[in-house]
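Student: Have a look at this one before I ask anything.
All of the numbers you see were taken from the coordinates with simple rules; none came from a lab. As the structure is a prediction and not an experimental result, all values here were calculated from the model. So basically every Cβ, Gly included, is an ideal-geometry build from the backbone, and we count neighbours across all protein chains shown.
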Amino acid sequence: MKNEFRSVLQVSREDAVQIIRLADEPTRNSLSDRMRVALPDALRQAAADPQVRVLYLTGTGRSFCIRDWIPT
């Protein structure tokens, strides 16, 4: 995953479970440009790993995800 995009995701694994956590709380985990690059990259990496049997997608903070971030 590209370094500039790591800050919007937390990726970990417990046994065969890959956990991808949306972690951009200030934007309520919006599908920002950074997230639109980081998330597919993390999903591709999980799909390519034969040890991953389960993918758990979750979010940090009060919101799982909002569609777009509109700065105020």
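Student: Sequence gap at least 6, Cα distance under 8 Å: using those rules, report the relative contact order of the chain to the nearest whole percent. Intermediate values should be presented prior to the final figure.
Tutor: On the way: 114 pairs, mean separation 28.6, N = 72.
Across the chain, relative contact order equals 40 percent.
Student: While we're looking at this one, here's another question. Treat every Asp and Glu Cβ in the chain as -1 and every Lys and Arg Cβ as +1, leave all other atoms uncharged, and give the resulting dipole magnitude about the Cα centre to the nearest 20 debye. Could the numbers behind the result be given before it?
Tutor: On the way: 11 positive and 9 negative charges, 19 e Å.
It works out to roughly 100 debye.
Student: Additional query: Just from its helices, what would the mean residue ellipticity at 222 nm be for the chain, if runs of 4 or more DSSP H residues each count -39500 (n - 2.57) and the sum is divided by every residue, rounded to the nearest 500 deg cm²/dmol?
Tutor: Numbers: 1 runs with 16 residues, N = 72.
After summing the helix terms and dividing by the residues of the chain, the value is -7500 deg cm²/dmol.
Student: Go from 0 up to the bin containing the longest alpha carbon distance in the stretch 3-59, width 10 Å each, and give me the % of pairs per bin.
Tutor: Result returned by the calculation: 25, 54, 20, 1.
Student: Let me ask you something else. What is the set of long-range amide H partners of residue 9 at a cut-off below 5 Å, with H atoms built 1.01 Å from backbone N?
Tutor: 23
Student: Moving on. Using only the alpha-carbon atoms, how far is helix 33-48 inclined from the longest principal axis of the chain? Give it as 0 to 90 degrees, nearest 10.
Tutor: Its long axis makes an angle of about 10 degrees.
Student: Taking every DSSP beta bridge that has both residues in the chain, what percent is antiparallel when rounded to the nearest 5?
Tutor: 50
Student: Something else now. By average Cβ neighbour count within 10 Å, what is the ranking of 17-27, 51-61, 37-47 from highest down?
Tutor: Values: 17-27: 17.5, 51-61: 13.3, 37-47: 16.0.
For the peptides 17-27, 51-61, 37-47, the packing ranking is 17-27, 37-47, 51-61.
Student: Now for a different question. Return the long-range amide H neighbours of residue 66 (sequence gap of 5 or more, or a different chain), with a cut-off of under 5 Å between placed amide H atoms.
Tutor: 30, 31
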